[in-house]
Every structure is written in C-alpha cells, then in structure tokens.
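Everything below concerns the one structure shown next.
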Amino acid sequence: MKYRLISILLLGFSCVGWGRSPPTPREQVEASMLVTGTLVVAREGSVASYTLDHPEKLPAAVVQLAQNVVPRWRFQPVVLHGQLVRAKSTMTLRVVARHSDATHFVVAIRGETFGSRDESKNLAASRDRSIHYPRDAVDAGVSGTVYLLVRVDRQGEVDKVAAEQVNLHVMGTPRELAPWRRMLASSAIRAARHWRFNFSTQPLSGRMDHWVARIPVKFTLNTYNGPLRPIVYGHWNPYMPGPHESVPWAPQGKLQDSSADAISDGSIAIVGRGLHLLTPLGSS
C-alpha cells in the first residue's frame with residue numbers, strides 16, 4: 001500500500017494566517033512549526049522581556065499568540081551562588097494549529113525547550129552504525145521523525161535508549177500507522193545503541209553517573225510526487241503526531257521541563273538543563 005504524503009494533501013497549510021481556514025484535513029492531522037527566540041527572566045521568575053527570531057517570517061497568528069502568552073509565564077527563580085539572578089535563555093517553541101470546527105482553527109504552544117538550543121556543539125556523536133531506512137517503509141512512502149531519549153554514561157557510551165514519540169508525514173488511522181511508528185523507532189534505536197559521545201564540555205556534575213538527551217532522528221525520502229518540501233522557518237508543516245510514550249528509566253520530573261518534539265532536526269538537548277516553567281504554555 002502506497003501512503004499519500006500529508007505534505008501534498010495539505011499544501012495550503014504553509015500559508016495559514018489568523019482568520020484564514022486551512023484545507024479540511026482528517027481530524028487527527030496537525031500542522032506545526034518550530035519558533036525560536038530568547039527571553040529574559042527577572043529575579044522573581046517573571047518574564048522581563050522576550051524576542052522571536054525573524055518575526056517577519058512568522059504568521060500573524062503565531063506572533064499574536066506569543067504576545068498573549070509569553071509575558072504571562074512564570075519560571076522557577078534562578079539561583080547563582082546563593083543569590084537570585086536575572087537569567088537570559090534561548091527558547092524553542094512547538095506551535096501547532098488544529099481545526100476546532102469546519103471553519104475555525106486553534107493555534108497553541110504545545111511544547112518548549114529552554115536553554116541551549118543545540119548541545120551538539122558540545123557533544124560530538126560518533127555514529128559507528130548508520131541508521132537503516134526500512135525497505136518496507138521506503139516502498140510504502142512512509143517518512144517521519146523519531147524522537148529518541150538516550151542515556152549516556154561518563155565514558156560517552158549509550159547505556160539505554162528508547163523512542164519517546166514518532167511523528168509521521170503520511171495519512172492513516174492510528175491502527176494503520178502504529179506498525180510504521182514501531183518500524184522507524186526500532187531502526188533508530190538499533191543504531192543509537194552503537195553511538196558514542198565525545199565531550200568538549202562535561203555535562204555531568206557531582207555524583208551523577210549518566211546524563212539523558214533528546215535526539216530527533218529524521219527519515220525522509222523522494223516519492224513519486226517529488227521530494228518532500230524542505231522545512232522553512234515560519235511555514236506550517238502538516239504531520240500525524242504520535243502518542244507520547246512513557247520511558248520508565250528517564251527522569252520524569254525533568255522531562256516535564258521540555259517537550260520531545262520541540263527540538264530542531266540534527267540537534268541534541270540534554271534533559272534537565274535550562275529554565276523550569278511553572279505556568280501552563282497557553283493557547284489562542
């Protein structure tokens with residue numbers, strides 16, 4: 001069975017703006033984008049200021065959403081050497097758009113990552129085994145992104161690995177798509193078990209014997225309809241969001257400080273680093 005790419009079916013989502021309705025997709029399809037920027041947190045934990053990267057490239061709905069939501073956030077105050085301090089941080093936001101009815105849609109911030117946007121500058125992964133794209137998935141035209149949780153020890157070797165979420169770029173029912181999610185996740189996990197990390201800065205402190213990172217693994221291919229459109233900053237990208245899987249060995253409290261799919265392709269995000277948001281993300 002050849003699956004149809006959502007990127008072909010929902011091409012109009014790339015130009016969605018506030019007050020304009022995207023083409024009617026199946027109920028479970030979302031469109032999203034990653035929005036980056038910086039914010040400054042005051043000593044007591046309120047947002048002193050924030051900026052979005054290239055706001056002129058973003059839909060008006062997304063800029064308005066940030067204006068309505070971000071100033072209301074409150075963070076756990078940052079303590080340095082026993083003193084409350086102002087803190088400046090990068091942020092990556094997963095903004096999603098979904099139909100609320102036949103003519104309206106809701107834009108919301110569903111996920112975030114605060115802190116270093118890309119730890120790959122400090123962590124070089126030696127991939128001793130390349131990631132195999134399952135032949136059955138290629139033949140069926142199935143593509144997507146696997147969001148891995150990887151636990152690494154002090155020697156830089158992978159101790160544990162699991163798939164936290166798998167988002168697909170094809171249409172189907174949850175039952176139809178579940179085998180493809182498992183197939184891509186298994187391939188990514190098999191490869192990740194053989195990775196080794198080299199530190200330019202030490203991510204561990206004190207008596208910690210390991211650290212946990214989120215790493216997205218993207219599976220893309222050319223199809224009979226042509227290559228997948230590249231992800232463009234400020235454009236909506238339709239996909240089928242996968243369920244969030246619980247990982248028993250992961251630090252659950254720290255996982256809540258960021259989101260599995262609020263990470264750019266090719267990046268590495270260490271779990272537990274960055275600001276701790278105390279208030280809900282918000283929607284519009």
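No lab work stands behind these numbers, since they all come straight from the coordinates. Just so it is clear, the model here is predicted, and its values are computed rather than measured. Please note: Cβ atoms are built from the backbone with ideal geometry, for glycine as well, and neighbour counts cover all protein chains shown.
At a 10 angstrom cut-off on C-beta neighbours, averaged per residue, how do the peptides 74-80, 91-97 rank from highest to lowest?
Details: 74-80: 14.7, 91-97: 22.9.
Going from most to least packed, we get 91-97, 74-80.
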(message) Once each part is reduced to its C-alpha centroid, what is the distance from segment 130-178 to segment 41-75 in angstrom?
(response) 32 Å
